[in-house]
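The values are calculated or read from the model by the stated rules, or taken from the named source; none is laboratory data. Fair warning: this is a prediction, and the values are worked out from it, not measured in the lab. Cβ coordinates were reconstructed from backbone atoms using ideal geometry, including for glycine residues, and neighbour counts include every protein chain displayed. Surface accessibility is based on the protein's heavy atoms, side chains included, excluding ligands, DNA and RNA. Shrake-Rupley method; radii C 1.70, N 1.55, O 1.52, S 1.80 Å.
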Amino acid sequence: SVYAGHQAWRLTPSVLENDDRDEDPAPYLSAGISSRRKYCVKYGKVHIRARFKSAQGAWPALWMMPETRPKVGYGEIDIMEHLNFDDKVYQTVHSDYTKNNKNKPPKRYCETKIDRDGWNSYGIEWNENTVTFTVNGKPSHSYPRMPELGENQWPFDTAYYFIFSMQIGGGWVNGSGPTNPEHYPADMEIDWVRVYKRRGGSN
């Protein structure tokens with residue numbers, strides 16, 4: 001194998017109604033975890049096994065951001081985002097290029113079916129020229145580096161850290177209706193995170 005090593009974590013962030021809105025007006029309290037300044041990776045394989053309790057207004061996400069500012073523009077890798085009671089997830093790359101060219105190739109995202117109430121694994125296989133998303137070990141979408149489109153089309157050449165979050169509410173997740181407080185508390189469980197780097201690769 002050209003990959004070696006892994007990192008494994010376990011967490012259960014939960015979402016609760018906020019009982020003290022004088023201190024914080026947000027209607028819900030949420031939890032998450034970030035590996036910023038603790039663990040980052042540049043190129044390799046990532047697999048994350050997770051499940052969540054669905055709720056109207058719930059927005060669990062597994063994503064990556066650059067540890068330091070990219071050489072060109074903005075970059076974000078969304079390994080998984082789930083909305084409400086959908087039986088699918090979104091996997092997306094964001095950059096200055098995708099922000100300004102949403103309907104132009106290369107396609108920036110995919111929608112992939114999942115077992116909504118069960119465990120699924122979400123991942124990427126990432127190298128100098130491609131970010132390939134996976135669900136349950138199978139490729140779901142690839143985003144290629146295309147130098148002819150300019151430097152800001154590919155900011156994915158630096159080390160990235162992880163963010164695992166469960167946002168409640170927002171324009172996108174509430175597009176199908178308002179957050180329903182009767183569905184809470186909700187949660188996302190992460191069984192493990194495995195990161196495989198290429199031999200000789202950098203973290």
Given Cα pairs under 8 Å that are at least 6 residues apart, what percent is the relative contact order of the stretch 76-145? 25
So, with +1 on the Cβ of K and R and -1 on the Cβ of D and E, and no other charges, what is the size of the charge dipole of the stretch 1-160 about its Cα centre, to the nearest 20 debye? 640
Quick check: Cα centre of the stretch 53-127 to Cα centre of the stretch 158-177, how many Å? 9
How much length would be gained if the chain were fully extended between SER142 and ASN103, taking 0.36 nm per residue of separation minus their Cα-Cα distance, in nm to one decimal? 12.4 nm
What number comes out for accessible area per residue over the chain if the probe is 1.4 Å? Units Å², please. 51
When the accessible area of the stretch 1-135 is computed with all protein chains present and a 1.4 Å probe, what percentage of it is carbon and sulfur? 45
Compute the relative contact order of the chain as a whole-number percentage, counting only Cα pairs closer than 8 Å that sit 6 or more residues apart in sequence. 40
With point charges of +1 on the Cβ of Lys and Arg and -1 on the Cβ of Asp and Glu, referenced to the Cα centre of the chain, which listed residue (ASN180, TRP59, VAL41) lies farthest in the positive direction of the dipole? VAL41
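Once neighbouring chains are kept in place and the probe is 1.4 Å, which whole percent of the accessible area of the stretch 152-192 is contributed by carbon and sulfur?
Details: 760 of 1550 Å².
Summing carbon and sulfur atoms, their accessible area is 49 percent of the total for the stretch 152-192.
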Between TRP119 and SER14, take the C-beta separation as r, use R0 = 25 Å, and let me know the FRET efficiency to the nearest 0.05. 0.90
